[in-house]
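Remarks on the structure that follows.
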Amino acid sequence: MTETEFLNWVRGPGMQIALAVFIVGMVYRVLENYLIGRKQSLAEPRGSEWTHGVGTMWRRSFTRAKLTTRGYVTLVAGYIFHIAFLVTLFFLAQHVEMFRSLLGFGWPALPPLLITITAVLGIAALLALLAHRLTDPVKRMLSDYQDYLTWFLTFFPLITGFLLINRVGIPYKTLLATHILSFELLLIAIPFTKLSHIITTFISRWYNGAIAGVKGVQS
Amino acid sequence: MKDTRTVGEILSSQGISRRGFLKFCAATASMMAMPPSMVPAVAQALSNARRPSVIWLSFQECTGCTESLTRSHSPTLEGLLFDSISLDYHHTLQVAAGSAAEEAREHAMQENDGSYLVVVDGSIPLGNPGYSTIAGISNVDMLKETAAGAAAIVAVGTCAAFGGIPHANPNPTGAVAVSDIIKDKPIINVSGCPPIPIVITGVLAHYLTFGKVPELDDLGRPTAFFGQTIHDRCYRRPFYDKGLFAETFDDEGAQQGWCLYKLGCKGPVTYNACAVSKWNSGTSFPIQSGHGCFGCSEPDFWDSGGFYRPLSATTADVGTLAGVAALAGAAAGAAIGRMNRSHRARAQARHEKLTIDDIEES
Amino acid sequence: MSTPDGLHDIAIETHSDAGAYPATGNDLPILHEIRHALQRLAQSGEKTVIDLQAIPMAPGEEERILQLLGRGEVSATIDALGPSEVRETAFAGVWTVYHRNTNNEVVGKFIEITHCPDLLHSQPEDIATGMAQIRETLAELESKQSGDQA
Ligand code: HEM
Ligand code: HEM
Ligand code: SF4
Ligand code: SF4
């Protein structure tokens, strides 16, 4: 396969396959969770499911000082990584154009300089997380191949993207095709790995919050 | 008939001074994208070079490539270069036609067997040989026959190099590139739709001067001209790097000369010399005139998404796909959900505790 | 620039290029390169030639570079296969050489850092031709004279 065929494939059929797997997988995941079903609660609700559910989805994005005495690296690097990753993904002009072509609408982008910073932050944070995972005895014991696989799949688009805008010697076309491929691999992996937390995190938060809400306790 | 004089001898027989010759060499070296320090070597090589016989074959093409070459080669300097090759057959340009022309071709082939250069423009239809013929000979036959005794082949234009527009989806004529047919000869691909005239002459000059095929990239293109992307050498690049993009062809950004990425510029993935050598005797090139690069020197440029869609826009139709995928996911999810539910109901009926494992099993 | 008649009637708003384009940064590196080359010329007599056609220029950038280089004391025209203009710039030792063909189209643009561009010198081959010619002329004249005397 030539460079061009590779690029055309990842931009066309490859993207279609990845999106199809991602959508099928995620819808399946969510429905599977939802349809487990719960027994109807006969107790009188003491508070609203909705306000607590949504509130918890939001509130748990922040941590409490008390909880941070251990796992400091995971916490700080984890925050930096997620914010950097999302900003890079959603606010680089070239990415916005891609979303515009997928969704039919776009939004203003951030200046490349800022994106370069978030990209570097994201890469650094992920490296820190990996180093921590490898050096911390407990975390290391808890890790299985999936933790490393998802690490790599998340790292791959960041590093190839960073190389793309920083004029390196690698032929641009191949690099671009690899970058897109890395995104597609990530999309495909999400539903089948712990990366499905990009959505399920919110579902479980909502569920926790909602239950607490109904019971009238703080979540 | 066979001219055995060297280029130096031919030029001096025309009364051209050494100064004139050196000037010619300086311009030629520049045209070949060689550093000025190479001029003495070029002069040395050129004065001893012997004019190669050239056979030019035009297949399924629009004559744009020949136009590009003949329109802009300035009759005196690069013209000299053409005097220095012996263009023995070019059925678009030559006066002779039909069997007389074919005789000229066969004659040139016999006389220079193993040493002549074949230049091809246009793709070759394999769907039905009758789609394109010359003097009753199909393109593929003529190419094979002519290539057999050639020293090298220059595929001029994206059609000859990669199939080009005739090869575009759905390729009704079964058009292919020269390299799809000829496997045992060095092929130099001078792609572009049309190729930059000075690049065509530069490649011929290189062959004439050094008698060998220049360094090629993985697509068979001379790296001297196709070694870098348009984007690598684009003067609008500082705007790209700053994230300043024209949104339409006549907005403020367009007037300020901002980057044309969002207007579909394919410069980042297009290897060609436009940004340096420019067009029309160095006057301008598409991006300088306010239009993004099409990627005309790349394989399948015609089928690589719309010309006016940004490079990072996906080429896939995803609207229906997303709907179908969501439905499929929903169906699968619902089915699994029902199974899980009945599983749970059964478990409860047996007064067993439901564990995570139960759910995961099903 | 003159506009062909008829276009005047069309309401076209033109925007001046002046200042619209950024300095793409070719001018400074070229001046630096020239400075280094001059230093080499002064120290060791080494000549340097810069091919302006090998540099991707923004609109108006070449003019800007030429303007920065200015005009010096010497200018010459060579008439070989079309005119070539050779000029010393305001910086002694820095020359511009523009080759044109007989259609007056530019076919080569160079900046030469040298004491005198090579092309200005008479070339040995041409001197040889010249010698042969002058001998011929002399021989002709002399034979004419001796013919007259006889
Ligand atoms: C906005 C939605 C997201 C939320 C709320 C979220 C939340 C979390 C949380 C709570 C963790 C902690 C688990 C741990 O320390 O291992 C985590 C880890 C992680 N998340 Fe996310 N995440 C989100 C989106 C994403 C996305 C879009 C990605 C990338 C595709 C991602 C990739 C990761 C990775 C790779 C880890 C593991 C980091 C490590 O090795 O420690 N997350 N995420
Ligand atoms: C956060 C992880 C990232 C993901 C998931 C991602 C994904 C993508 C995707 C899918 C494209 C589509 C291109 C196409 O279809 O033609 C793209 C293009 C691009 N990405 Fe990323 N990317 C990521 C990070 C980065 C980073 C960190 C950078 C640089 C700082 C970057 C720079 C680019 C550039 C420059 C393009 C456009 C290339 C072009 O079309 O010329 N990306 N990215
Ligand atoms: S106009 Fe095209 S080639 Fe020039 S910088 Fe922008 S994207 Fe690159
Ligand atoms: S700018 Fe691009 S499309 Fe235009 S001629 Fe050059 S390579 Fe072809």
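The values are calculated or read from the model by the stated rules, or taken from the named source; none is laboratory data. Bear in mind that the values here come from a model prediction, so they are computed numbers and not experimental data. Reconstructed Cβ throughout: ideal geometry from the backbone, glycine too, with neighbour counts over all protein chains shown. The protein model used for the area step is the full one, side chains on, heavy atoms only, and it has no ligands, DNA or RNA in it. Shrake-Rupley method; radii C 1.70, N 1.55, O 1.52, S 1.80 Å.
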- prompt: In this structure, does B:LEU204 turn out to be within 30 Å of B:GLY8 (Cα to Cα), under 13 Å from the mean Cα position of the chain (by Cα), more than 16 Å from ligand 4 (Cβ to nearest atom) and not basic (Lys, Arg)?
  reply: no
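Filter region B:279-292 for residues that are assigned to a loop (DSSP other than H, G, I, E, B) and buried (at least 18 other Cβ atoms within 10 Å of the Cβ) and give the result. I'd like the intermediate steps shown before the answer.
Kept after step one, since they are assigned to a loop (DSSP other than H, G, I, E, B), are these residues of region B:279-292: B:280-283, B:285-292.
Across region B:279-292, the qualifying residues are B:GLY282, B:PHE285, B:PRO286, B:ILE287, B:GLN288, B:GLY292.
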- request: Could you list, in sequence order, all residues of region B:244-278 that are of a type in the set (Ser, Thr, Tyr) and either near ligand 3 (Cβ under 10 Å from one of its atoms) or assigned to a helix (DSSP H, G or I) (or both)?
  value: B:TYR261, B:THR270, B:SER277
- prompt: Taking the condition open to solvent by less than 70 Å² (accessible area, probe 1.4 Å) and part of a helix (DSSP H, G or I), does B:ALA316 pass?
  reply: no
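On the basis of being at pLDDT 95 or above and β-branched (Val, Ile, Thr), does C:THR96 make the cut?
Numbers: at pLDDT 95 or above: yes; β-branched (Val, Ile, Thr): yes.
Here the answer is yes, as C:THR96 does meet what is asked.
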field: In region B:321-342, the residues that are at pLDDT 75 or above, more than 16 Å from A:VAL30 (Cβ to Cβ) and surrounded by 12 or more Cβ atoms within 10 Å (Cβ to Cβ)
entry: B:VAL324, B:MET339
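Could you identify the single residue in B:TYR261, B:TYR308 that is aromatic (Phe, Trp, Tyr), open to solvent by less than 20 Å² (accessible area, probe 1.4 Å) and away from ligand 1 (no atom under 16 Å from the Cβ)? Write out each step before concluding.
Numbers: B:TYR308 fails: open to solvent by less than 20 Å² (accessible area, probe 1.4 Å).
Sole residue among the options that is aromatic (Phe, Trp, Tyr), open to solvent by less than 20 Å² (accessible area, probe 1.4 Å) and away from ligand 1 (no atom under 16 Å from the Cβ): B:TYR261.
Among the residues in region C:13-28, are any modelled with pLDDT of 90 or more and open to solvent by less than 90 Å² (accessible area, probe 1.4 Å)? Steps first, please.
Of region C:13-28, the ones modelled with pLDDT of 90 or more are none.
No, that holds for no residue.
Kindly evaluate C:LEU68 against the criterion of being in a helix (DSSP H, G or I), crowded, with 16+ Cβ neighbours inside 10 Å and more than 14 Å from chain B (Cβ to nearest Cβ). Step through it out loud before you land on a result.
Numbers: in a helix (DSSP H, G or I): yes; crowded, with 16+ Cβ neighbours inside 10 Å: no; more than 14 Å from chain B (Cβ to nearest Cβ): yes.
When the stated conditions are applied, C:LEU68 does not pass them.
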Subset of region B:209-221 [touching a strand residue (DSSP E or B) at 6+ places or on another chain (Cβ under 9 Å) and surrounded by fewer than 24 Cβ atoms within 10 Å (Cβ to Cβ)]: B:GLY211, B:LYS212, B:VAL213, B:PRO214, B:GLU215, B:LEU216, B:ASP217, B:LEU219, B:GLY220
- request: Scan (1) at the interface with another protein chain (Cβ under 9 Å from one of its Cβ atoms); (2) over 21 Å from B:SER281 (Cα atoms); (3) open to solvent by less than 30 Å² (accessible area, probe 1.4 Å) for the single condition C:SER84 breaks and write down its number.
  value: (2)
message: Being closer than 26 Å to B:CYS234 by Cα and open to solvent by 30 Å² or more (accessible area, probe 1.4 Å) narrows it down to one residue among C:GLU62, C:GLU46; which is it?
response: C:GLU62
- prompt: Which members of region A:110-122 meet the condition of being touching a helix residue (DSSP H, G or I) at 6+ places or on another chain (Cβ under 6 Å), within 14 Å of chain B (Cβ to nearest Cβ) and open to solvent by 40 Å² or more (accessible area, probe 1.4 Å)?
  reply: A:LEU110
query: Quick check, is B:GLY295 part of a helix (DSSP H, G or I) and either more than 13 Å from ligand 3 (Cβ to nearest atom) or without any contact (Cβ under 8 Å) to a residue 60 or more places away in the chain (or both)?
result: no
field: helices (runs of 4 or more DSSP H) lying entirely in region B:103-212 (those with 1 or more residues that are of a type in the set (Val, Ile, Thr) and at pLDDT below 85)
entry: B:197-210
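From the list C:THR77, C:THR96, C:THR102, pick out the single residue that is assigned to a strand (DSSP E or B) and open to solvent by 80 Å² or more (accessible area, probe 1.4 Å).
Values: C:THR96 fails: open to solvent by 80 Å² or more (accessible area, probe 1.4 Å); C:THR102 fails: assigned to a strand (DSSP E or B).
It is C:THR77.
Give the residue, chosen from C:ALA128, C:ALA139, C:ALA76, that is more than 8 Å from chain B (Cβ to nearest Cβ) and touching an Asp or Glu at 6+ places or on another chain (Cβ under 8 Å). Write out each step before concluding.
Numbers: C:ALA128 fails: touching an Asp or Glu at 6+ places or on another chain (Cβ under 8 Å); C:ALA139 fails: touching an Asp or Glu at 6+ places or on another chain (Cβ under 8 Å).
Answer to the selection: C:ALA76.
Picking from B:SER304, B:SER277, which residue would you name as being under 19 Å from B:VAL190 (Cα atoms) and outside the structural domain of B:GLY157 (by TED's automatic domain parsing)?
Numbers: B:SER304 fails: under 19 Å from B:VAL190 (Cα atoms).
Of B:SER304, B:SER277, the one residue that is under 19 Å from B:VAL190 (Cα atoms) and outside the structural domain of B:GLY157 (by TED's automatic domain parsing) is B:SER277.
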task: Test C:ASP51 against the stated conditions and say whether it is charged (D, E, K, R) and in contact (Cβ under 8 Å) with a residue 40 or more places away in the chain.
output: yes
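Going by what's in this entry, would A:GLY53 be described as facing another protein chain (nearest Cβ under 7 Å), open to solvent by less than 30 Å² (accessible area, probe 1.4 Å) and modelled with pLDDT under 85? Outline the logic, then answer.
Working: facing another protein chain (nearest Cβ under 7 Å): no; open to solvent by less than 30 Å² (accessible area, probe 1.4 Å): yes; modelled with pLDDT under 85: yes.
In short, no.
Could you name every one of the helices (runs of 4 or more DSSP H) located completely within region A:123-219 that has at least 2 residues being open to solvent by less than 50 Å² (accessible area, probe 1.4 Å) and modelled with pLDDT of 90 or more?
Values: elements: A:137-142, A:145-164, A:172-189, A:197-215.
Per the criteria, A:145-164, A:172-189.
Run down A:LEU187, A:LEU176 and say which single residue is in contact with a Leu (Cβ under 8 Å, 6 or more places away or on another chain), within 13 Å of another protein chain (Cβ to nearest Cβ) and within 16 Å of ligand 3 (Cβ to nearest atom).
Details: A:LEU187 fails: within 16 Å of ligand 3 (Cβ to nearest atom).
Sole residue among the options that is in contact with a Leu (Cβ under 8 Å, 6 or more places away or on another chain), within 13 Å of another protein chain (Cβ to nearest Cβ) and within 16 Å of ligand 3 (Cβ to nearest atom): A:LEU176.
Per-residue answers, yes or no, for (1) more than 16 Å from ligand 2 (Cβ to nearest atom); (2) out of contact with any Phe, Trp or Tyr (no Cβ under 9 Å at 6 or more places or on another chain):
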position	(1), (2)
B:THR270	no, no
B:SER281	yes, yes
B:SER284	yes, yes
B:ILE287	no, no
B:PHE294	no, no
B:GLY305	no, yes
B:GLY323	yes, yes
B:GLY329	yes, no
B:HIS343	yes, yes
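Quick check on my filter: what residues within region A:84-100 are among the polar types (S, T, N, Q) and either within 14 Å of ligand 1 (Cβ to nearest atom) or surrounded by fewer than 22 Cβ atoms within 10 Å (Cβ to Cβ) (or both)? Spell out how you get there, then give the answer.
Applying the first criterion (among the polar types (S, T, N, Q)) to region A:84-100 yields A:88, A:94.
Correct list: A:THR88 only.
Say whether the condition of being part of a strand (DSSP E or B), closer than 25 Å to B:SER281 by Cβ and within 14 Å of chain C (Cβ to nearest Cβ) is met by at least one residue in region B:228-242. Break it down stepwise before answering.
Of region B:228-242, the ones part of a strand (DSSP E or B) are B:229.
Going one step further and asking which of them are closer than 25 Å to B:SER281 by Cβ, we end up with B:229.
Retained after the next criterion (residues that are within 14 Å of chain C (Cβ to nearest Cβ)): B:229.
Checking region B:228-242: at least one residue is part of a strand (DSSP E or B), closer than 25 Å to B:SER281 by Cβ and within 14 Å of chain C (Cβ to nearest Cβ).
Looking only at residues that are polar (S, T, N, Q) and open to solvent by 20 Å² or more (accessible area, probe 1.4 Å) in region B:31-68, which one is nearest to B:VAL140 (Cα to Cα)?
Taking region B:31-68 first, the residues polar (S, T, N, Q) are B:37, B:44, B:47-48, B:53, B:58, B:60, B:63, B:66, B:68.
Narrowing the set further to residues that are open to solvent by 20 Å² or more (accessible area, probe 1.4 Å) leaves B:37, B:44, B:47-48, B:60, B:63.
Numbers: B:SER37: 43, B:GLN44: 39, B:SER47: 37, B:ASN48: 36, B:GLN60: 11, B:THR63: 18 Å.
Within region B:31-68, the match that is nearest to B:VAL140 (Cα to Cα) is B:GLN60.
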